[in-house]
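First up is the structure itself, then whatever we jot down about it.
The values are calculated or read from the model by the stated rules, or taken from the named source; none is laboratory data. Computed from a prediction, not measured in an experiment: that's the story for all the values here. Note that each Cβ is placed from the backbone with ideal geometry, even for glycine, and that neighbours are counted across all protein chains shown.
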Amino acid sequence: MTPKRTPKPVRSHHLIALALLAAFFAQCCWFVYSVPLTQMEADQILRGVALLRHVPFEGLGTHSALTPVLSIFGVAYHLPQNPMFLDQFWLDQHRWQIRAPFLLAGLCLGLSLWYVARRLYGGAGGHIALALYAFSPGMVACSSLAGPQIFAAWGAFGLIFTAIATAHTLYAPREVILWNWKRIALMGVAVTFTLGAQWPLAWLLVVAAAFMLWAVPHRRGAALIILAAAVIVGLVLLDAVLLGNLKALGRGLSAIVTDFSTPVLSAAITPKILLRFFFDAVPGALLVLLPALAAWCCWRRTRFFGNTAPLVVFAVLLALGLCFSGSGARTVLFASLPFLLMFVAGVFADLVESEKTQAPALAVIFAILAAQAAYSVASLVRMYSRLPGS
């Protein structure tokens, strides 16, 4: 008779993570309640309806493949037959159902960020990463709107760290495909989210391949086979998302190359735009980025792979965001944010663990987190106060 398994006890770090996720969820609900459906969201819904009813729609293949489908997921059974009835009033009445998949993705990204940061940096790193995430205005906003940004961030984060984790399993001499089928499926879903959110993010596959080849130099062939299998799974799922529309899939894949362009902004204005973007999205992480970079450069302990990998991906996505035209550039830049949070959390976790730097590091990170939380909540209050009748 096999003994019964005793459930794992709920520890304090679980309760802290749960409280932070609850705070994030509350802010998102407040945002959904306060902000009516936007015209950009309405356009995504029209694309989804066109895809569902096999009606030609301009730009269906080159825009986000995933967002239109997810936008109509919660209202598919309530869609009127006549598109004329899809007016702003009808759409705004169903904004909770329309935005629900994106809110769920935001919660899953926060949980994924905490889990990976805790595995790499310990409890302090997990709490810092999740706290910065939970009170970041950009994360709250993009998790509460029907747009490609949050799935781009979740997909990119999942693709890179699943690839790294899968590569490390190859140190055991097991069969490549059968033993790793769960990880291949998970990486395939990440590929679907990444490419489905924004096609040019396919360039992250090169970064994932580089990390896998570096992690297991003695089994590079097996690593490439696993990545290729995950890409095939991702493309099959993308074809299913597009309801077998191979022309739309082909146009989207071609956008990986055709959207590439030389930077159109001047060297003088680019830093200002980037600073504005990151301050609006993750002000706390931006404020501590400079001291984190200084610590990474000066202190050898912080320059291990767990800290350096997210910094490399952040730099790559920053460069890609400047080299792709149109609205996709903003989505690519947004996909870099979880890696920025990971890097900052990893460096400050090392600083907190050192006796010499523990006190100042804790003072800085607590001050930043408190200021960012107050700023995020105050922004939501101001947003609510502008509503008619409030």
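Being touching a residue at least 12 places away in the same chain (Cβ under 8 Å), in contact with a Gly (Cβ under 6 Å, 6 or more places away or on another chain) and aliphatic (A, V, I, L, M) narrows it down to one of L289, L317, L333, L311, so name that one.
L333
Write out, first by first residue and then by second, each pair whose Cβ atoms fall under 7 Å of each other, whose residues are 6+ apart or on separate chains, and whose first residue, in the stretch 239-265, is at pLDDT 70 or above and in a loop (DSSP other than H, G, I, E, B) while the second is of a type in the set (G, A, S) and surrounded by 14 or more Cβ atoms within 10 Å (Cβ to Cβ).
Sorted first by the residue in the stretch 239-265, then by its partner, the pairs are L242/A65; L242/A248.
Every residue, every condition in (1) farther than 18 Å from W154 by Cα; (2) part of a helix (DSSP H, G or I); (3) under 19 Å from the mean Cα position of the chain (by Cα), yes or no:
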| residue | (1), (2), (3) |
| --- | --- |
| L275 | yes, yes, no |
| F278 | no, yes, yes |
| L286 | yes, yes, yes |
| V316 | no, yes, yes |
| G321 | no, yes, yes |
| I365 | yes, yes, no |
| A378 | yes, yes, no |
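Can you tell me how many residues within the stretch 124-156 are at pLDDT 95 or above and touching an Asp or Glu at 6+ places or on another chain (Cβ under 6 Å)?
0
From (1) crowded, with 24+ Cβ neighbours inside 10 Å; (2) out of contact with any Lys or Arg (no Cβ under 8 Å at 6 or more places or on another chain), pick out the condition that doesn't hold for W96.
The one condition W96 does not meet is (1).
Restricted to the stretch 120-129, and to residues that are surrounded by fewer than 24 Cβ atoms within 10 Å (Cβ to Cβ) and among the hydrophobic types (A, V, I, L, M, F, W, C), which residue is nearest to S64 (Cα to Cα)?
Step by step, filter the stretch 120-129, then rank; the result is L120.
Would you confirm, using the coordinates I've provided, whether R330 is over 18 Å from R276 (Cβ atoms) and in contact with a Phe, Trp or Tyr (Cβ under 8 Å, 6 or more places away or on another chain)?
So R330 fails the test.
Taking the stated definitions as given, is A223 surrounded by 19 or more Cβ atoms within 10 Å (Cβ to Cβ), small (G, A, S), modelled with pLDDT under 95 and over 21 Å from L66 (Cα atoms)?
Spelling it out, A223 is indeed surrounded by 19 or more Cβ atoms within 10 Å (Cβ to Cβ), small (G, A, S), modelled with pLDDT under 95 and over 21 Å from L66 (Cα atoms).
So, restricting to helices (runs of 4 or more DSSP H) that lie completely within the stretch 130-212, which ones have at least 3 residues that are crowded, with 19+ Cβ neighbours inside 10 Å?
Passing ranges, in order: 137-143, 149-169, 181-197.
Sort out which residues of the stretch 334-370 are small (G, A, S) and either loosely packed, with under 14 Cβ neighbours inside 10 Å or out of contact with any Leu (no Cβ under 8 Å at 6 or more places or on another chain) (or both), and write them in order of number.
A349, S354, A359, A363, A367, A370
Where in the stretch 1-77 are the helices (runs of 4 or more DSSP H), entirely inside, with at least 2 residues that are of a type in the set (V, I, T) and modelled with pLDDT of 85 or more?
12-34, 66-71
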